[in-house]
Amino acid sequence: MVFSLYSIVDGLMVAKGVGEYAMAAVNLAVPFTNVLFSIGVIFAVGTSTIIAIYLGQNQGEKANSLFSQNIVLLTCIGLTITVLVFVFLEPFAVLLGAKGVTYQYTIDYLKGLAPFAVCFIISYNMEVLIKTDGFPRLAILTVITGCLANCVLDYVAIFVLDWGVWGAAFATGLSQLLTCIIYLRHFLGGHNTFHFVKFRMDWSIYKRLIPLGFADGVTELCNGVMIFLFNRVILRCLGDDGLVCYTIIAYVNTLIINTMLGISQGSQPLVSYHYGKEDAAGCRKLLRYGFTAVGIMTAVIFAGVMIFAPQIAGIFLGAEKPELLGSAAGALRRYGLCYILLGSNILMGGFLTAVERPKAAISISVGRGLAFQAGALLLLAAAVGGTGIWFAPVISEALCAVMAVWFLRRFLRKTAA
């Protein structure tokens, strides 16, 4: 949840310090950060699941080796992404949808983010792994520290140094660098369960690792892909003002998705540990805890969005444009109907990942995050157009819920037998 505040703070600061169309440009670049986070979480969840199973089986050396090669590989991937973005900067900005008034803003934002690609990936990756290591409080304190640093640095860059959208991106990158340093200090210390060791690269482990992490990674990646698709459809159906409305929705949606992902990912190492011990009762108990937590969060979030939609939109837009403010609030309420089902779908996908059911978990993630939602969006855009497109997510989540319950019931019946 706190990770999503990075982009929200960027958007809010840019909206107040530069303008609402600059904020829309920041939203156009959000799929890029989603790609970075999805890479981090694919490897983190897969690595975390296997390490937790190794620890449950008392195979500490294998856990150390896997942890070490994971960090080295991700560093290489991050540096490669930085080089590619700078080489293909302008075509990449156009691909994201930048044009006209948003073009230069998007270019500047990408220039500020790209040098820190490796920090985004490693930071998100280690945030998951440090919980597997048994230090969840350190994880939350570190991401909060990074978020607070981002707030301060954003303010200085935009309102004091007048660096615009580039400054907002650069400030976010620096805050990610700070969290990486804190995590590395932990893993280089002497209080951790698994740590850096010399290793021989084992490429075969990724046949097991990537499918496990792919479901959660796809959840993150699909969020970026859907932002990309919504941006395109909205520009065609509703224009620049519609894009501003969706920018606000995207920030709220990212916060809510990551809140639910936090519950799911927080339970995964525990579920995997009990699964490694063949403790089916322990897995079921953790699943009940997860549904309880998701149910409480769903009630709070749904009520908050429905009641306070105008106030949420007003945080970004202010009162000087009442017509745009009203449109944004209405769009948020229509889109927000999906929050009734979103959390439980994410939890079920995460649970199936933790018990090594990657095909079912990937089907849930791709279904709710991309396939069902993209199909509903394109169908509504063609058949209804206008504000009807905001109902695409609730259709997607309903279809996904049916599929997720079916997969989960199959697993529970099998373990009960």
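The values are calculated or read from the model by the stated rules, or taken from the named source; none is laboratory data. Predicted model only: the values in this text are computed from it and were never measured. Neighbour counts run over all protein chains shown; Cβ positions are idealised from the backbone, glycine included. Areas reflect the complete protein model, heavy atoms only, side chains present, ligands, DNA and RNA absent. Shrake-Rupley method; radii C 1.70, N 1.55, O 1.52, S 1.80 Å.
Output the residue which, of all residues in the stretch 356-366 that are at pLDDT below 85 and farther than 14 Å from L261 by Cβ, is most open to solvent (accessible area, probe 1.4 Å).
K359
What residue, among those in the stretch 402-417 that are in contact with a helix residue (DSSP H, G or I) (Cβ under 6 Å, 6 or more places away or on another chain) and open to solvent by less than 20 Å² (accessible area, probe 1.4 Å), is farthest from I249 (Cα to Cα)?
The extreme case among them is L408.
If I filter the stretch 176-188 for residues that are outside any helix (DSSP H, G or I) and either open to solvent by 10 Å² or more (accessible area, probe 1.4 Å) or aromatic (F, W, Y) (or both), do I get at least one hit?
Yes, some residue in the stretch 176-188 is outside any helix (DSSP H, G or I) and either open to solvent by 10 Å² or more (accessible area, probe 1.4 Å) or aromatic (F, W, Y) (or both).
Those residues that are aliphatic (A, V, I, L, M) and either open to solvent by 10 Å² or more (accessible area, probe 1.4 Å) or at pLDDT below 90 (or both), I need them from the stretch 111-121; list them, please. Talk me through it step by step, then tell me what you get.
Just the residues of the stretch 111-121 that are aliphatic (A, V, I, L, M), to begin with: 113-114, 117-118, 121.
V118, the sole residue that qualifies.
Got a number for residues in the stretch 13-29 being open to solvent by less than 10 Å² (accessible area, probe 1.4 Å) and under 22 Å from M226 (Cα atoms)?
First pass over the stretch 13-29, keeping only residues open to solvent by less than 10 Å² (accessible area, probe 1.4 Å): 14, 22-29.
From what's left, under 22 Å from M226 (Cα atoms): 22-29.
Count: 8.
Out of all the residues in the stretch 48-71, which are touching a residue at least 12 places away in the same chain (Cβ under 8 Å) and under 16 Å from R200 (Cα atoms)?
Within the stretch 48-71, G60, E61, A63, N64, S65, L66, F67, S68, Q69, N70, I71 qualify.
For the stretch 232-264, which residues satisfy the criterion of being part of a helix (DSSP H, G or I), among the aliphatic types (A, V, I, L, M) and open to solvent by 40 Å² or more (accessible area, probe 1.4 Å)?
L235, L255
Just checking, which of L337, L342 is touching a residue at least 24 places away in the same chain (Cβ under 8 Å), of a type in the set (A, V, I, L, M), farther than 30 Å from G17 by Cβ and crowded, with 20+ Cβ neighbours inside 10 Å? Walk me through it before giving the result.
On the way: L337 fails: crowded, with 20+ Cβ neighbours inside 10 Å.
L342 is the lone residue from the list that is touching a residue at least 24 places away in the same chain (Cβ under 8 Å), of a type in the set (A, V, I, L, M), farther than 30 Å from G17 by Cβ and crowded, with 20+ Cβ neighbours inside 10 Å.
List, please: which pairs have Cβ atoms under 6 Å, are six or more places apart or on different chains, and start with a residue in the stretch 17-33 that is aromatic (F, W, Y) and end with one that is surrounded by fewer than 24 Cβ atoms within 10 Å (Cβ to Cβ)?
What qualifies is Y21/V101.
So if I check each of E320, E278, which one is open to solvent by 20 Å² or more (accessible area, probe 1.4 Å), closer than 23 Å to L412 by Cα and not in a helix (DSSP H, G or I)?
It is E278.
Which one is nearest to Y124 (Cα to Cα), of the residues in the stretch 30-47 that are open to solvent by 10 Å² or more (accessible area, probe 1.4 Å) and not hydrophobic (A, V, I, L, M, F, W, C)?
Here the answer is T33.
Please work out which residue is surrounded by the fewest Cβ atoms within 10 Å (Cβ to Cβ), limiting yourself to the stretch 287-308 and to residues that are of a type in the set (A, V, I, L, M, F, W, C) and in contact with a Phe, Trp or Tyr (Cβ under 8 Å, 6 or more places away or on another chain).
The first filter runs over the stretch 287-308 and keeps only residues of a type in the set (A, V, I, L, M, F, W, C), leaving 287, 291, 293-294, 296-297, 299-303, 305-308.
Checking which are in contact with a Phe, Trp or Tyr (Cβ under 8 Å, 6 or more places away or on another chain) leaves us with 287, 301-302, 305.
On the way: L287: 20, I301: 20, F302: 18, V305: 21.
Going through the qualifying residues, I end up with F302.
Taking the criterion of being open to solvent by 50 Å² or more (accessible area, probe 1.4 Å), aliphatic (A, V, I, L, M) and over 28 Å from S264 (Cβ atoms), would at least one residue in the stretch 67-83 satisfy it?
For the stretch 67-83, residues open to solvent by 50 Å² or more (accessible area, probe 1.4 Å), aliphatic (A, V, I, L, M) and over 28 Å from S264 (Cβ atoms): present.
Report whether or not A381 is under 21 Å from the mean Cα position of the chain (by Cα) and among the hydrophobic types (A, V, I, L, M, F, W, C).
no
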